[in-house]
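Please read the structure below before turning to the comments.
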Amino acid sequence: MTEASFPQPDRRRPEPLWFQVEEAIRAIIKSGEWATGDQIPAEDRLCALFGVSRITLRHALRNLEESGLLRREHGRGTFVRSTTLVAGTRELTSFTQEMGNIGVVAGSRLLDCSLTTADAAAAAALEIDEGDPVVRIRRLRLGNNEPIGIQTAQLAGARVPGFLDSGLLQGSLYEALERRYGIVAMEARESYRVGTVPVADADLLGLAVGTPAFIVERVSIDERGPFEFTISVMRGDRYEIRSTLRAGRVPPNTRS
């Protein structure tokens, strides 16, 4: 990309400059101009190219780093990340939306879609009786055609009658549920723990059995209650968890 073709923020637009710079960098990465592993230009060079202040640029870069699109290495510079999904404070979204937010093309391979019965864990999560029917959907999740994780979703059968008669699931499960049944997720509870890749998942993820992985459990809830219970085995090298920690408020009279 030449200096003349570099996207320029438009100060007449209502969007703040940092947002325009952030979107411009996303577009450059998505186009492949800056590929995975590439070092992007230094801050002073980017400031000159975009015609913005260092404060504005750093705001944009921080957002891109927090979303998992860039990584900063102390003393080396800033690089385009490999396909990595970053979990932290975020909106309730599907996998497809989350990958899109970091400029990665989401993909799935359907491994299983069948009617089965709820075990104790699924029954508790979905607030149904053990042995009640559930639709089990097991998928290999991909980002830019690279394996990221395996997700096994269980849907309360009473909430999705005829699901298996509607054809193979294509694209986002949440979109399919909204379109077919009017189910719209309002809230989700997630828990994370460190585990290992089981035998059944190792080849699909391209990892050795026993490799460390994140095990993520999600219960999704709509206005009627829980409808989805998902267990995901996520590659530890392509999935991150980040949190923002804030100090508690200290009463003025206790400060030293």
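Bear in mind that the values in this text are calculations on the coordinates, not laboratory data. It should be emphasised that the depicted structure is a prediction, and the values quoted were computed from it without experimental measurement. Here the Cβ is made from the backbone with ideal geometry for all residues, glycine too, and neighbour counts use every protein chain on show.
Computed over the Cα atoms of the range 121-215, pair by distinct pair, the Kirkwood hydrodynamic radius stands at 15.4 angstrom.
Normalised by 2.2 N^0.38 Å, with N the number of residues, the alpha-carbon radius of gyration of the range 1-81 equals 1.02. Just report the Cα centroid separation between the range 221-235 and the range 112-126, whole Å. So the two Cα centres are separated by 11 Å.
Taking 30 Å as R0, compute the FRET efficiency from the Cβ-Cβ separation of Val184 and Ser53 and round it to 0.05. Calculated transfer efficiency: 0.15. Summing charges over all other residues whose Cβ lies under 13 Å from the Cβ of Thr117, with Lys and Arg as +1 and Asp and Glu as -1, gives -3. The listed peptides 129-137, 17-25, ordered by packing as a protection proxy, come out as 17-25, 129-137 (highest mean of other Cβ atoms within 10 Å first). Local charge for Arg13 was computed over the other residues whose Cβ lies under 15 Å away, with Lys and Arg +1 and Asp and Glu -1, and equals -2.
The slack between Ser166 and Ser191, meaning 0.36 nm per residue of separation minus the straight C-alpha distance, is 5.9 nm. Note on Ser31 and Arg109: their simple-model spin labels are 3.3 nm apart, each label 7 Å out from Cα toward Cβ.
Using the Cβ-Cβ distance between Phe6 and Asp44 with R0 set to 22 Å, the FRET efficiency from 1/(1 + (r/R0)^6) comes to roughly 0.90.
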